[in-house]
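Structure first, commentary second.
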Amino acid sequence: TTKAEGFVKVTNPIPDAKRIDLAECPKNLGQPIKVEGWIKHVRRQGKNLIFIDIRRRMETLQCVITGQLAKTEEASQLTRECCVRLFGTLHEEKRAPGEVEMSVDFIEIVGPSPVDLEDKLNRDSNPEQRMNQRHLDLRSDDMGCLFSLRAKMMAGFRTFFQQRGFAEVTPPTIVKNSCEGGSKMFPVKYYEEEAFLTESSQLYLETMLATLDSVYCVLPSYRAEKSLTRRHLAEYTHMEVEMAFYDFEDLLKFLEDMLVFVTNYCATEAKVELAKLNPGFKPLTGSFRRMSYAEQIQWLKDYNKQHPEDPFINAETGKEYEYGDDVPEKPERCMVDTIGEPILLHSFPKELKAFYMKPSATNPRETESVDVLIPTVGEIVGASTRIDDYQELMDRYKELGMDTESYYWYNDLRKYGSCPHAGFGLGVERLLCWIGHRDHIRDACMFPRYMGRITP
Ligand code: 4AD
């Protein structure tokens, strides 16, 4: 040990220490080890004692630095988010996270972290400041748990699809055609042509049915939403599925099976994350409550009778909701929150839904469509069977005044070997909000895009 520039210098007594993962700490008590990680907190007590918590892969290790080592230049550089390599030994310590503590013998600063970080982001930062510093905000324990949960949830979906023999495909996201009506599409200049960012990959998924039978994709969809709500993003992760020879009943059953599987997968594979984010989480079971659109309208009328002081009123008509009205987010969420369980809301009138939806066999004014609603979030899935008859599709385009030419490739699917089929789209961030118990969809998206936000 020598003194230079006011700092004590220490040489590494255990340069060959074994590198371990933080999760392996309890198995390596008493052994010389080295670990790497980012500093979560620093606590200095006097000149000779420093406690730091380091983080890596959601694990935390408490480390203690004493004596001469606490007076080194490296020790003076220990700050929040500094990346370090620490050499030392582990011992039991009941008061430390995981009941293990490291006595540090040598410090290597891998990536220093200047103290101005505190001005950018701290415990008291408001949501807007957090979004401006999202690249740093993502390092919090909370975000670590949430994005780990997301990764496991997606693994759950892929496991489920693999078990059923579904193939993952990647349709283009720069497109010419609208899928959901197009009013909310972002235009892009595509060389000299006008194109759009896709609002759904569904039409392209349908092209793969005759090739692979049942397909899915996990891709961004874009919606130029003008309203800033708790559940709308301008770019979201859309998990879409298309299945040949599925009728409406098959589709409803599939949605139930999938959501039961994935929520149970999360409950077993993401125990640690859920314990922190949503300890009361109960995976879904059995079959879900079914409710028709007509019954929803009746529910809202009954609600108004019971709450004359604060009824739900259609802003456009100034009256209560009637059959044929588009029910917006607020009354819909109130309904599912009151009922308190997932709902398969089905049989929407055709004027409220997209061109490709098959009319119901019993009531041609309605479609074989279904939204999955869940408490606290609302709609997470939009699904339907698709028109598979060529002439019927042509008639529908005409009814809606749509151009048929640019859909020539989609129309050919009905011309050459059409088959009955069904599919759906699920908003990944919305489902994550529910499982991870988040209030706002912005939290559930890595770098959320919404009106007014394009950075970072
Ligand atoms: O109901 P949507 O618009 O359905 C479709 O796009 C169909 N073509 C899907 C299909 O059948 N392949 O959107 C499906 C889901 C919604 O239920 C919702 O969960 C999510 O996508 N979603 C959004 N999520 C976040 N931000 C937005 N702006 C969203 N718009 C839709």
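Every number in this text was worked out from the coordinates using simple rules, so none of it is lab data. Treat the numbers as computed from the prediction; the structure is a model and nothing was measured. Please note: Cβ atoms are built from the backbone with ideal geometry, for glycine as well, and neighbour counts cover all protein chains shown.
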Open item on the list: Tell me the angle of helix 293-306 to the major Cα principal axis of the chain, expressed in degrees between 0 and 90 and rounded to the nearest ten.
Closed with: 70
Task: Partners for Lys27 among aspartates and glutamates (Cα-Cα distance below 13 Å; same-chain residues under 8 apart left out) - done: Glu92, Glu99, Glu101
Task: Relative packing of 313-319, 421-427, 210-216, which averages over residues the other C-beta atoms within 10 Å, highest first - done: 421-427, 210-216, 313-319
Task: Integer Hz, Karplus 6.51/-1.76/1.60 couplings in order for region 232-248, x for Gly and Pro - done: 10, 10, 7, 10, 9, 8, 10, 9, 10, 9, 9, 9, 6, 6, 9, 9, 5
Task: In order through region 6-14: 3J(HN,Hα) via Karplus (6.51 cos²θ - 1.76 cosθ + 1.60), integer Hz, x for Gly, Pro - done: x, 9, 7, 9, 10, 9, 6, x, 9
TODO: May I ask you to list the lysines whose Cα is less than 17 Å away from that of Lys330, ignoring any residue fewer than eight positions away on the same chain?
DONE: Lys226, Lys301, Lys319
Open item on the list: I'd like to compare 115-121, 97-103: which one has the highest average count of other Cβ atoms within 10 Å, and what's the full order after that?
Closed with: 97-103, 115-121
Open item on the list: Let me check the size of region 2-115 from its C-alpha atoms; what are the radius of gyration and Dmax in Å?
Closed with: 13.1, 39
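Using mean Cβ contacts within 10 Å as the protection proxy, how do 27-33, 188-194 order, highest first?
In descending order of packing, they fall as 27-33, 188-194.
Looking at region 108-240, send over the antiparallel percent of its DSSP beta bridges, to the nearest 5.
Taking every DSSP beta bridge with both residues in region 108-240, the antiparallel ones total about 85 percent.
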TODO: Just the number, please: percent antiparallel of the DSSP beta bridges in region 2-115, rounded to the nearest 5.
DONE: 85
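Cα convex hull of region 239-283: mean projected area in nm², to one decimal?
3.9
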Task: For region 370-419, the fraction of alpha-carbon pairs in successive 5 Å shells from zero, as % - done: 5, 17, 21, 15, 12, 12, 9, 7, 1
TODO: Would you work out if region 315-428 is rounded, prolate or oblate? Take a ≥ b ≥ c from the square roots of the eigenvalues of the alpha-carbon gyration tensor; rounded if a/c is under 1.5, else prolate when a/b is larger than b/c, oblate otherwise.
DONE: prolate
- [ ] Determine ³J(HN,Hα), in whole Hz, for all residues of region 268-284 in sequence, where each value follows from phi through the Karplus function 6.51 cos²θ - 1.76 cosθ + 1.60 and θ = phi - 60°; x replaces Gly and Pro.
- [x] 8, 8, 10, 4, 5, 4, 5, 4, 8, 8, 8, x, x, 4, 10, x, 6
Task: Computed E for Ala267/Ala23 - FRET, C-beta separation, R0 25 angstrom, nearest 0.05 - done: 0.75
TODO: Give me the Debye-computed log₁₀ of I(q)/I(0) at q = 0.05, 0.10 Å⁻¹ for the chain, equal point scatterers on Cα only, no solvent, two decimals.
DONE: -0.26, -0.84
Task: Calculated log₁₀ intensity ratio I(q)/I(0) where the Debye formula runs over C-alpha points of region 158-204, q = 0.27, 0.29 Å⁻¹ - done: -0.94, -1.03
TODO: Output the Cα-based Rg and Dmax of region 55-109 in Å, rounding Rg to one decimal and Dmax to a whole number.
DONE: 11.3, 31
Open item on the list: Which residue, Phe160, Tyr410, Gly181, has the largest displacement toward the positive end of the dipole of the chain when charges sit on each Cβ (Lys, Arg +1; Asp, Glu -1)?
Closed with: Phe160
- [ ] Using only Cα atoms, locate the centre of region 97-152 and the centre of region 311-386, then give the distance between them in Å, rounded to an integer.
- [x] 41
